[in-house]
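Just so you know, all these numbers are worked out from the coordinates, no wet-lab data involved. This structure is a prediction, so every number in the text was calculated from the model and none was measured. Neighbour counts run over all protein chains shown; Cβ positions are idealised from the backbone, glycine included.
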Amino acid sequence: MYGVVTRNPPELEWEEFDRRFYEAKDVSGRASEPVSGAVNMVSCFADNAATRAEPDLLPVNDEGQPATRERRFFDWSYVCPTHEGYREGLLETIEDCAAVSPDVRLDDVGFPRPEYCFCDRCAREFEGSDFEDRFEWRAHVIEEFVAEARERVPGRLHLTLYPDPYPGHLRERAGLDPAALDEYVDEFVVPIYDMAYSTTYWLEVIATGFVDELVTPFSIELYAVNVDVDRLIKASEVADAYSKDVLFGYDAANARAALRRMDADARPGETFGPE
């Protein structure tokens, strides 16, 4: 099946899409009313507006450097996953989404990078825990959050994974342990974005890695903005060979054009000769 990921509610009604994901809260901090008939998406520990208003939310490394969008490697500002007040508000947002539509997708879950977080709060919690290894403790923090979210979602719970299937990398990078999260998550979503998809061998490499790594089904999300339709079709064919479903992100019109082309090509042609 093919789906759309969008911020525009009218696009959720387009008949070409079998699945519909709506961004109810994004990394900017913008929040919209959740919609019915779609999987509402919540950006969890990425929030530019919240961290700008309340710098205490920011994770810091062992040198005290915050994980802001102005720093190298970061496209947005992160929130420390141990901040209790923010987590409570986030869980309320998830619960509000689930009240409108039972399926929810958790986006941007986890710590920013391996070197985070060394804030005073994280230091206290780690020292007071039963864990000796910081990476094990971080994975436990994230698992607890996903478990709490699971309790508030009556339908299917989706969770976005960073596109790195190498064993142990997700756990080391973000505190995400897919094997531990299997208990709570019904479907993972792996965004594999490119601005052109001029070649797709790398897409296949990543996809096959997740086939080996995951037990829970996963879908692949492709970037559709200004991508040539023929190349988007080729990328979707590769993704479809390995994933449960293929989703198109943030350009529904281009995605619809690709799906219409694919549908037309799949239809048997008729040949008319002279009578």
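GNM, the chain, Cα, under 10 Å: largest mean-square fluctuation among D186, D133, D18?
D133
Have a look at L214, G249, G89 and report the one farthest towards the positive end of the charge dipole of region 2-266, computed about the Cα centre with Cβ charges (Lys/Arg +1, Asp/Glu -1).
Final value for the positive-end residue is G249.
Using Cα springs under 10 Å in a Gaussian network model of the chain, which residue among R72, R121, R52 shows the largest mean-square fluctuation?
In the Gaussian network model the winner is R72.
Run the helix sum for the chain: -39,500 (n - 2.57) per DSSP H stretch of 4+ residues, divided by residue count, reported at 222 nm to the nearest 500 deg cm²/dmol.
Helices in the chain give a 222 nm mean residue ellipticity of -11000 deg cm²/dmol.
Below 8 Å between Cα atoms, with a sequence gap of 6+, how large is the relative contact order for region 2-266 in percent?
The value is 17 percent.
Could you tell me the distance between the Cα centroids of region 193-237 and region 98-163, to the nearest Å?
That distance is 26 Å.
Is region 37-195 rounded, prolate or oblate when judged by the Cα gyration tensor, a ≥ b ≥ c being the square roots of its eigenvalues, rounded requiring a/c under 1.5 and prolate requiring a/b larger than b/c? Could the numbers behind the result be given before it?
On the way: a/c = 1.39, a/b = 1.33, b/c = 1.04.
Judged from the Cα gyration tensor, region 37-195 comes out rounded (a/c under 1.5).
In terms of modelled amide H atoms, which long-range or inter-chain residues lie less than 5 Å from the amide H of R19?
Y2, G3, V4
Of the candidates A53, A258, A147, which one comes out as most mobile in a Gaussian network treatment of the chain with C-alpha springs shorter than 10 Å?
Of A53, A258, A147, the Gaussian network model singles out A53 as fluctuating most.
In debye to the nearest 20, how big a dipole does region 168-275 give about its Cα centre with +1 on each Lys and Arg Cβ and -1 on each Asp and Glu Cβ? Provide the component values of the computation, followed by the final result.
Working: 9 positive and 21 negative charges, 66 e Å.
So the magnitude is around 320 debye.
Among [x] 1.15; [y] 0.93; [z] 1.07, which is the computed Cα Rg over 2.2 N^0.38 Å?
Read-out taken from this structure: [z].
Counting DSSP beta bridges in region 2-266, what percent are antiparallel, to the nearest 5?
Among the beta bridges of region 2-266, antiparallel pairing accounts for roughly 10 percent.
Enumerate the amide H contacts of V60 below 5 Å, restricted to partners 5 or more residues apart or on another chain; note that Pro and chain-start residues carry no placed amide H.
F118, C119
Tabulate in residue order the Karplus-calculated ³J(HN,Hα) for region 58-75, using 6.51 cos²θ - 1.76 cosθ + 1.60 with θ = phi - 60°, rounded to whole Hz; enter x for Gly and Pro.
6, x, 10, 8, 6, 9, x, 7, x, 8, 9, 5, 7, 8, 4, 5, 10, 8
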